[in-house]
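Notes to accompany the following structure.
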Amino acid sequence: MKKAEMSVYKDRLVALRARLRGDVNQMADAALKKNRMDGGGDMSTMPIHMADLGSDNYEQEFTLGLIENEEGTLGAIEQALERIEDGTYGLCEECAVKIPKSRLNVIPYSALCVKCAETLERS
Ligand SMILES: [Zn+2]
């Protein structure tokens, strides 16, 4: 992968890491601000339930394809950033085949190609 291409994924990984490291309060704050704007500034007509905010966050993280838990994801992001430094980013750790960009676009911290990931899941 070209360095210019890698830097795109590096930016995504760094942004994703920052988001995961941010505490839940910050996420709730952002959601509250958004709701406030959507509601035209009238808070009385916009009851906010923490459960709703929670489910929104879960859905976002699901969309991003986050694995098992945040800690595991952070670890995978760190490793992906290291691979970018090493110049091995985008190669499968098992079989060294190029991981398709369509996969990296969904899971930028993916260390395995689809085939190896499936084999690993089955074992
Ligand atoms: Zn592989």
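The values are calculated or read from the model by the stated rules, or taken from the named source; none is laboratory data. Keep in mind the model is a prediction, meaning the values are calculated, not measured. Glycine gets a Cβ as well: all are built from the backbone with ideal geometry, and neighbour counts include every protein chain shown. Note: areas computed on protein heavy atoms with side chains; ligands, DNA, RNA excluded. Shrake-Rupley method; radii C 1.70, N 1.55, O 1.52, S 1.80 Å.
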Checklist entry - Taking the Cβ of G90 as the center, what net charge do the other residues with Cβ under 9 Å away carry, scoring Lys and Arg +1 and Asp and Glu -1? => result +2
Checklist outcome for this item: Using alpha-carbon positions, the gyration tensor of the stretch 69-115 gives root eigenvalues a ≥ b ≥ c; with a/c under 1.5 called rounded, otherwise prolate if a/b exceeds b/c, else oblate, the class is oblate
Checklist outcome for this item: In the stretch 81-123 the accessible area split gives carbon plus sulfur, as whole percent at 1.4 Å, a share of 53 percent
Item to check | Protection proxy ranking, peptides 84-91, 15-22, 106-113, average beta carbon neighbours within 10 Å, highest first | outcome: 106-113, 84-91, 15-22
